[in-house]
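To keep things clear, I will list the structure first and then write my remarks on it.
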Amino acid sequence: MLFQPTLCAALGLAALIVQGGEARPETTVPHATGSLDDFLAAQSPIAFQGILNNIGPSGAYSEGVNPGVVIASPSKQDPDYFYTWVRDAALTVQYLVEELVAGNASLQFLIQDYISSQARLQTVENPSGSLSSGGLGEPKFHVDETAFTDSWGRPQRDGPPLRAIAMISFANYLIDNGHQSTVEDIIWPIVRNDLSYVSQHWNETTFDIWEEVHSSSFFTTAVQYRALVQGSALASKLGHTCDNCGSQAPQILCFLQSYWTGSHILANTGGGRSGKDVSTILGVIGSFDPNADCDDVTFQPCSARALANHKQVVDSFRSIYAINAGIPSGSAVAVGRYPEDVYQGGHPWYLTTAAAAEQLYDAIYQWNHVGHIDINAVNLDFFKSIYPSAAEGTYTSDSSTFQDIISAVRTYADGFLSVIEKYTPPDNLLAEQFHRETGIPLSAASLTWSYAALNTAAQRRASIVPSPWNSNSTDLPDKCSATSATGPYATPTNTAWPTTTQPPERPACTPPSEVTLTFNALVDTAFGQNIYLVGSIPELGSWDPANALLMSAKSWTSGNPVWTLSISLPAGTSFEYKFIRKDDGSSDVVWESDPNRSYNVPKDCGANTATVNSWWR
Ligand SMILES: *[C@@H]1O[C@H](CO)[C@@H](O)[C@H](O)[C@H]1NC(C)=O
Ligand SMILES: *[C@@H]1O[C@H](CO)[C@@H](O)[C@H](O)[C@H]1NC(C)=O
Ligand SMILES: *[C@@H]1O[C@H](CO)[C@@H](O)[C@H](O)[C@H]1NC(C)=O
Ligand SMILES: *[C@@H]1O[C@H](CO)[C@@H](O)[C@H](O)[C@H]1NC(C)=O
C-alpha cells in the first residue's frame, strides 16, 4: 500500500523513506486548515485538558505526581521530561490564574495545590543549596518533590521570579475577592522567599531559559524586574514593605538596558551565538503591562525595540527550515528557539511560534489603549515588512493608517497561529517540536508549556489580558551598579487553605475500569477499499482477518485521509495489532508491513479515553 503519486503531490506527501529496513511514511501533517477561529475554538479546550492531564495528583498522566506538581510532559524517555520544572510550572499556572480571573472559579483549588507544593519545594535541599543558600535557583525536581541530584544546568534564576509573578497574580485575585488574610497567612511568606532570592542573586550569572548558556540572560533579568515591582506592590497592599525590592528593582532595570544591541535584543551575554533567540520575545511577553505605553525601557510588546527584535528573531528562521521555504518577509513562519539550535534536531517549536503571535496581539492591545502608533527609525523595518508604505510618523487611532496597520499586524499574528494549526497532528496533541522538513511532531509529547503558550496567545487574540503591573513605576538610575541585598528567608509553615476559599467539592479521581480507545489511521484509499483493525486479543479478532473490526471513513477527506474506530477495552490491557485492507469483491487481505504494533491501554486515574494515531505502513 503506497500513496498514489498524484495525490501525494496534492497533499505535499513525500515518498516513503526507508531507514534501517523499516518503512515509515514521512509526510507533512495533513491537518485540514480552516478558519483560525474554528481551530482555536476546538483546540483551546483540548490544550486546557492537556494541561490538566499533566498536573498531580489526578491528571490523566500524573500517576505518582504529588498534588499541585506540574509535569513538563508525560514523556519518560527520549527525552525524559517526567519532572517538574519551576519555570514551566510557573508559566502554566500564570495561564491558569488568568483563566480563573476570566471566570473559571473551580481552578482555584488546583492553584492552591500548586502553591502548597511550591511551599514544600522551597525547603527541599538540592544541589543548588537550601532555602536561604541558593536552593531556590534549582531548576527541576522529581515529581514526588524530591531533589534531582544528577548534573544539570544550574542554577536557573528565572524560576523564583516567575513563580512569584504567578503567585502574586493569584494573591491579587484573592484580595479582590475579600481573602486578604489568606494571602497574608499563606502566600506572602512563600512569595517573600522568591523575592529575596531575586534581590540577592539577580546580579549573578545563570543558566538561560533553554538550560544551555551560563551567563546573563535577558529573559531572566526582565522577569526579575517585574517580580520585584509586583512584589513591592503586594507588600504595600498587605501593609508590609519590601525594602530589598525597592532597592534592587532600579538596578535590575538599569542592567536590562544593556541587552539592547541597537538592532535586536541580545538573548544572553555568553554563548557565542548571534544572540537572536526567541527567549527575548518570551521576555517581552513576560513583561507585558496592558496599561503601559510603548515603552522601550521596559521592552513593552509595542515598543520600537521589541518590534525590531521580533522581526530580527523571526527572520532568522525563514531560511533554515524547509517548511518555511518561499514564505516572504512579513508573512508568518514556523519559529524555533534560536537559529543555531541543534537540540533534538533543532526544529521549530509550538510554544515559540505561539510567542511570536502573542507579542503582536499584546502590541495591538497597547496601541488601541494608547491611541496611536509611532513609527521611527528603530521599528521602521518591522512595519515596512507587513505594511510596505509605512513611513516614520505618529498615527492616531482616528486615522486610516492606524487601522490599516492594526489590521496588517493582526493578519501577521494570526499567521503564526495558523502555522500551529497547520502542524497540529490529527490527534490534536501538541508535542515540543515539529519537524523542520515534514512538520511531523517530535520530541516530548503533550508538552504542558506548548498548551499553555497556545492558549495564552489565544487569550491575547481575544483581548483577554493580565492585570496591569505598573511597569513604569521605577526611575532609571543615572548609572548602573552591581548590587545585591540579602533576605529575609523563612520556612513557609502554613498551607492550610481556609475552606471558605475552596470550591465545595473536589472531583474525586477514580481509576477507569474501561477506556474508550479511538484509533485514527491515515490511509490513502481508493473507492471500494476498506480499512480494518485486527489484533492479538479477542476484542480485536485474535489476528483473524475475518473477525477484524471495520474502521469508519466518516471523517475521511483527501486532505485528511483518516479512518477511525472507537472501542472500549479494559484498562491495563496489552495487545499487538495491525491495520489491514480488504477490497470490495476480493477475498485478498493486504497487511501492513512488520513489525506488529503494540499498545498498553492506560490505567491511570482520569484516563477514561485515549487516542492512538498512526500512518499506514
Ligand atoms: C474549568 O476548570 C476545570 C478544572 O478545574 C475544568 O474541568 C473545566 O473544564 C473548566 N471549565 C471551562 C469552561 O474551561
Ligand atoms: C551586575 O551589574 C552590573 C551593573 O549593571 C553589570 O555591569 C554586570 O554585568 C552585572 N553582572 C551580572 C552577572 O549580572
Ligand atoms: C506610567 O504610565 C502611565 C500610562 O501611560 C502614566 O499615566 C503614568 O504617568 C506613568 N508613570 C510614570 C511614573 O511614569
Ligand atoms: C505479529 O504477530 C503474529 C501473531 O502473534 C505473529 O505470528 C508474527 O510473527 C508477529 N510479527 C512479528 C514481526 O513479530
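Numbers for the structure displayed
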{"item": "Simple label model, 7 Å out from Cα along Cβ direction - Ser552 to Asp150, nm", "result": "4.3 nm"}
{"item": "Portion, in percent, of the accessible area of the chain that falls on carbon or sulfur, probe 1.4 Å", "result": "50 percent"}
{"item": "Computed accessible area, Asp414, all protein chains, 1.4 angstrom probe, square angstrom", "result": "30 Å²"}
{"item": "Calculated FRET value between Gln257 and Asn368, using beta carbons and R₀ = 30 Å, to 0.05", "result": "0.65"}
{"item": "Residue-normalised accessible area of the range 176-313, expressed per residue, 1.4 Å probe, Å²", "result": "28 Å²"}
{"item": "Residues listed by number, the range 301-332, amide nitrogen under 20 Å from Ser389 label point at 7 Å toward C-beta", "result": "330-331"}
{"item": "Separation between Cα centres of the range 91-141 and the range 345-399, rounded to whole Å", "result": "33 Å"}
{"item": "Under 15 Å from Lys554, Cα to Cα: aspartates and glutamates that are on another chain or at least 8 residues apart", "result": "Asp524"}
{"item": "Prolate/oblate/rounded call for the range 392-513, Cα gyration tensor, a/c under 1.5 rounded", "result": "oblate"}
{"item": "Theoretical ellipticity at 222 nm over the chain - DSSP helices of four or more residues, -39500 (n - 2.57) apiece, nearest 500", "result": "-11000 deg cm²/dmol"}
{"item": "FRET efficiency, 1/(1 + (r/R0)^6) with R0 30 Å, evaluated for Ile327 and Ser397 via beta carbons", "result": "0.50"}
{"item": "Charge sum, other residues only, whose C-beta stays under 12 Å from Thr525's C-beta, Lys/Arg counted +1 and Asp/Glu -1", "result": "-1"}
{"item": "Rounded to 5, the percent of DSSP beta bridges in the chain classed as antiparallel", "result": "90 percent"}
{"item": "Cα centroid of the range 441-505 to Cα centroid of the range 577-616, whole Å", "result": "43 Å"}
{"item": "In Å², nearest 10: area of Arg273 left accessible to a 1.4 Å probe", "result": "70 Å²"}
{"item": "The chain: mean projected area of Cα convex hull, nm²", "result": "28.6 nm²"}
{"item": "Residues of the range 398-540: accessible area per residue with a 1.4 Å probe, Å²", "result": "44 Å²"}
{"item": "Computed magnitude of the charge dipole of the chain (debye, nearest 20; Cβ of K, R +1, Cβ of D, E -1)", "result": "200 debye"}
{"item": "Anisotropy class of the range 102-240 from Cα gyration tensor, a/c 1.5 cut", "result": "prolate"}
{"item": "Using θ = phi - 60° and Karplus 6.51 cos²θ - 1.76 cosθ + 1.60, couplings along the range 569-576 (whole Hz; Gly, Pro as x)", "result": "10, x, 4, x, 5, 10, 7, 10"}
{"item": "Residue-span extension gain [Glu212 to Ser574] - 0.36 nm each, minus C-alpha spacing", "result": "126.4 nm"}
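The values are calculated or read from the model by the stated rules, or taken from the named source; none is laboratory data. Values in this document were obtained by computation on a predicted structure and should not be read as measured data. Neighbour counts are summed over all protein chains in view; Cβ atoms, including those assigned to glycine, are modelled from backbone coordinates with ideal geometry. Accessible surface areas use protein heavy atoms only, side chains included; no ligands, DNA or RNA. Shrake-Rupley method; radii C 1.70, N 1.55, O 1.52, S 1.80 Å.
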